[in-house]
Protein chains: 2
Amino acid sequence: MSSAQQPAPPRPTSRDVARAAGVSQATVSLVLGDKWRGRVSAATAERVRGTARDLGYRPNLAARSLRLGRTRTALLVVPALTNEFFARVYTGAAAVAAEHDFGVVLYPSPDGTGPARDPFASARAALDGVIASSMAADALGALRGADLPLVMLDSDPEDHGAAARVNLDIADGMRQVAAHLLGLGHRRIVHLASAVDTWTFAVRARALREAVRDVPGAALLTVASPLDVRAGREVAETVLASSGPPPTAIVCDDDILAAGACKAVRRRGLRVPEDISVTGFDDLALATAVEPELTTVRLPAEQVGERGMRALLDVLAGRPAAHHDLAVGLVVRGSTAPPPAA
Amino acid sequence: MSSAQQPAPPRPTSRDVARAAGVSQATVSLVLGDKWRGRVSAATAERVRGTARDLGYRPNLAARSLRLGRTRTALLVVPALTNEFFARVYTGAAAVAAEHDFGVVLYPSPDGTGPARDPFASARAALDGVIASSMAADALGALRGADLPLVMLDSDPEDHGAAARVNLDIADGMRQVAAHLLGLGHRRIVHLASAVDTWTFAVRARALREAVRDVPGAALLTVASPLDVRAGREVAETVLASSGPPPTAIVCDDDILAAGACKAVRRRGLRVPEDISVTGFDDLALATAVEPELTTVRLPAEQVGERGMRALLDVLAGRPAAHHDLAVGLVVRGSTAPPPAA
DNA sequence: GCCTCGAGGTTTTACGTATAACGTCGGCAT
DNA sequence: ATGCCGACGTTATACGTAAAACCTCGAGGC
């Protein structure tokens, strides 16, 4: 009755292929593993390949992993996939992985900062290596302890212990933002920073602080906010509502906060960029969805994932893994302008 | 010299635990597999558990999979993770999976519609089941052929062949949009539809068409666009530039297109919502990031993932898998208003 | 006194693969 | 003729786990 009652056609094994091709299982393994040169005749090899194709043979990955002790699977640890930046990192990593018959499994941490508990406790842990984005120091400990090859993304270069590292020149990006705003004449600047305490955000803060310090008469106020639009807006509103002369520019740690900041500005009855300039960071799709479009720093997210995965593959293959530094670039759009003539 | 030269501490196996606890490997397996009732004394069981913990024993998943023929891994097929909706679906699915010691591996299709080739060709194929979102019919074929339990998300209920289905009441959502706009007095409506030809979008089109048809004097024009802000804006601009009386409302297939439509309206020197109302679909973060905030239909994306995974687990456990229908709700925000008094 | 039975284990096997170790059989130099 | 070698395979084994099948021993029934 129920058509779901399949007789369960058992997948063919290498032994089935061997039988069908009239050779031993070992020969099948050699041929399909491309290790047959000088051990099997070309004719036999071709015959084996043919029957394997005919039978629709697919190697059992569990068996292969058991035998080899390697799983061809990498763990990517990211704060949250709903953040487009990390979705793009994943996309890049997965693309490179696929080229090398590798899999990528994700560990998105619930709180958005790092794995709450041991990521391997979740026991999907059949891993060859780990790629981890910048995260809280304590969360890092668990990853280190697993003594798996570790590639860090966008994290402190001073922090050794990773087999490789792929970094974005975040400091340079923030310096470009600062130069842009200071060049336009802005002197009262607010830094709407991420409340998350990771290297990538610390670098933004430092670079901005130093750039502002170099300009006489320029002042910087830093406030922290969780990384969502509403929180960004609320924190920005608080700043704008406080006494004293309002800022003429709000530098945000990412585009999401910038979107919030723009809303805060308009709620005060002011305009972006005429009254207050706002800058973002990341260049997400959001940056060109809002109006005005955000002046922001473009981060090559996919490339981060690609390079990270390539570095991991290098490490796994015993090749020397280069540390990468990726350039970032300011994209000037409509959310910045000279400050209002005082 | 290189500290990377670890002596490779071999992970303890169940046999190591057995030796340390003074029992046989089988006993360890029974105890840790929680199948020891009446076969092993409580004292022994406790001792085994203790030594396993002490040694830091973790079962080798490859070996377990090989033995059991099951991998505790599901494939989630989604168009693109950079679309927040699917990132949220993943998040929900992964959360439920983790509760059951299951893993989720992703297959994001490059073109955004469906797997370009056989998703199993990429050979990560150690899968117990598949959860697939609405996609092009031809791409579906590959999934069916794999005779793995298949759970479909947001797809045609008439299309049998899935072991379970989790659907959103998309039609109802679109009816709510239509009722809202028609109730406000809109009569010239443009449907900015997705160019992707899948069930979920077909339903939107049909529901809107039928709702408009029921109102005398109401007219509907449908145009298709790729799912990104720029494309949405461009298509909307074309529509607005064409001759004839302009629409008073633009109904979009998702929030991304709606953001584009809003920009198109303003480029024509018109205002949202005073001159033209715009509605979205999905209720992404984007919907409250743009200004005005979008009137849209909230889709419980995480729930889709959760229910989908639960359904798959049910099927795998031989339990009857219920088909789910999730309600959606209109969220009225600032992008809709009565049409301008003609 | 013998049989049964259950509690509490142990021995053994199979899962499918990769590969080390081992034939076998001509041909060719010595 | 003998030894050796290369070409072409095969046989055997191990990876770590789950679980079926099998042992052993003491208590209890008759």
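The values are calculated or read from the model by the stated rules, or taken from the named source; none is laboratory data. Note that the structure is a prediction, hence the values are computed from the model and not measured. Every residue, glycine among them, receives a Cβ derived from its backbone with ideal geometry; neighbour counts consider all protein chains shown. Calculation scope for accessible area: heavy atoms of the full protein, side chains included, ligands and nucleic acids excluded. Shrake-Rupley method; radii C 1.70, N 1.55, O 1.52, S 1.80 Å.
Every listed requirement among (1) within 21 Å of residue A:153 (Cα to Cα); (2) at pLDDT 95 or above; (3) surrounded by fewer than 16 Cβ atoms within 10 Å (Cβ to Cβ) is met by residue A:255 save one, (3). Which pairs turn up if I take residues in the range B:23-46 that are within 14 Å of chain A (Cβ to nearest Cβ) and look for partners that are of a type in the set (Gly, Ala, Ser) and more than 9 Å from DNA strand D (Cβ to nearest atom) with beta carbon separation below 9 Å, at least 6 apart in sequence or on another chain? Pairs that qualify, where the first residue is within 14 Å of chain A (Cβ to nearest Cβ) and the partner is of a type in the set (Gly, Ala, Ser) and more than 9 Å from DNA strand D (Cβ to nearest atom), are B:32/B:52. Scanning the range B:311-332 for residues that are part of a loop (DSSP other than H, G, I, E, B) and open to solvent by less than 50 Å² (accessible area, probe 1.4 Å) turns up B:321, B:328.
Can you pull out the residues in the range A:48-95 that are in a loop (DSSP other than H, G, I, E, B), facing chain B (nearest Cβ under 9 Å) and under 13 Å from the mean Cα position of the chain (by Cα)? If the condition is that a residue be in a loop (DSSP other than H, G, I, E, B), facing chain B (nearest Cβ under 9 Å) and under 13 Å from the mean Cα position of the chain (by Cα), then A:80, A:81, A:82, A:83 are the ones that fit.
Somewhere in the range B:275-282, is a residue of a type in the set (A, V, I, L, M) and assigned to a loop (DSSP other than H, G, I, E, B)?
Residues of the range B:275-282 of a type in the set (A, V, I, L, M): B:276, B:278.
Still in the list and also assigned to a loop (DSSP other than H, G, I, E, B): B:276.
Yes - at least one qualifying residue is present in the range B:275-282.
If you go through the range B:52-81 and keep only what is more than 15 Å from residue B:102 (Cα to Cα) and within 13 Å of DNA strand D (Cβ to nearest atom), you end up with B:52, B:55, B:56, B:57, B:58, B:63, B:66, B:67. Within the range A:239-274, the set of residues being more than 22 Å from the chain's Cα centre (by Cα) and either part of a helix (DSSP H, G or I) or among the acidic types (Asp, Glu) (or both) comprises A:239, A:240, A:241, A:260, A:261, A:262, A:263, A:264, A:265, A:266, A:267, A:274.
Any idea which of B:280, B:308 is modelled with pLDDT of 95 or more, under 21 Å from the mean Cα position of the chain (by Cα), over 29 Å from residue A:265 (Cα atoms) and buried (at least 21 other Cβ atoms within 10 Å of the Cβ)?
Details: B:280 fails: over 29 Å from residue A:265 (Cα atoms).
Criteria check complete, one pass: B:308.
Being within 16 Å of DNA strand C (Cβ to nearest atom), over 30 Å from residue A:297 (Cα atoms) and buried (at least 20 other Cβ atoms within 10 Å of the Cβ), is that true of even one residue in the range A:98-107? Yes, there is a match, as at least one residue in the range A:98-107 is within 16 Å of DNA strand C (Cβ to nearest atom), over 30 Å from residue A:297 (Cα atoms) and buried (at least 20 other Cβ atoms within 10 Å of the Cβ).
Residues checked against (1) free of Cβ contacts under 8 Å to residues at least 12 places away in the same chain; (2) open to solvent by less than 30 Å² (accessible area, probe 1.4 Å); (3) assigned to a strand (DSSP E or B):
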| residue | (1), (2), (3) |
| --- | --- |
| A:132 | no, yes, yes |
| A:135 | no, yes, no |
| A:155 | no, yes, no |
| A:162 | no, yes, no |
| A:167 | no, yes, yes |
| A:175 | no, no, no |
| A:180 | no, no, no |
| A:197 | no, no, no |
| A:207 | no, yes, no |
